[in-house]
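Working notes for the structure below.
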Amino acid sequence: MTASPQPGFTIISNYLAQHPGLSMTAIGLATYIQMLPGGAPVDIDTLDHRFTEGRDEIAAAMDELEAEGYIERVPVRLPDGRTAVRTHSYNNPAAARADFVREAGTLRTAGAVQKAGSVQKASPDYSEPGQASR
């Protein structure tokens, strides 16, 4: 994510804002996800309580974002054995894919990372899933 120039503002990539293949709902949802602070939940239930669109429309928007590469949902095993979903959110998927580097099993990216339903901002040096950095 790009750092905001001052509190109360979110910078949104033109790649997202002008994407011809995304619905207005998907663009709005991606914008909302990208403005959230680290640790904020972005699961369907939470989004359904926040917005009036309803579960089906929110799920469809999430599917659109995933199909276009703006989010990536990855199942993860929690320490207690349960499974959760970690979602990586990107404001420019093509650039983010080019930034991925695998070093000794460590994933590094400049995107936002969601763990078990909550967004965590990731710095370019992000190396520990589950640890937020700003």
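Rule-based calculations on the coordinates, nothing more; no lab input. Bear in mind the structure is a predicted one, so any value in this text is a computation, not a measurement. We place every Cβ from the backbone using ideal geometry, glycine too, and count neighbours over all the protein chains shown.
Brief remarks on what is shown
- Amide H contacts under 5 Å for residue 74: 86, 87, 88, restricted to partners 5 or more places along the chain or on a different chain, H placed in the peptide plane at 1.01 Å from N.
- With R₀ fixed at 30 Å, the C-beta to C-beta distance from residue 18 to residue 73 puts the FRET efficiency at about 0.80.
- Annotation: the residues 80, 48, sorted from fewest to most other C-beta atoms within 10 Å of their own C-beta, follow the order 80, 48.
- Approximating the spin labels as points 7 Å out from Cα along Cα→Cβ, the residue 84-to-residue 31 distance works out to 2.9 nm.
- Rounded, prolate or oblate (a/c below 1.5 giving rounded, otherwise prolate when a/b exceeds b/c) for the range 22-61 by Cα gyration tensor: oblate
- Given in Å, the Rg to one decimal and the Dmax to the nearest whole number for the Cα atoms of the range 26-85 are 12.2, 35.
- Ranked 65, 78, criterion: other C-beta atoms within 10 Å, fewest first: 78, 65
- For residue 40, the residues 5 or more places off, or on other chains, whose built amide H falls under 5 Å of its own are 119.
- Residue separation of residue 95 and residue 11 scaled by 0.36 nm, minus their Cα-Cα distance, works out to 28.6 nm of gained length.
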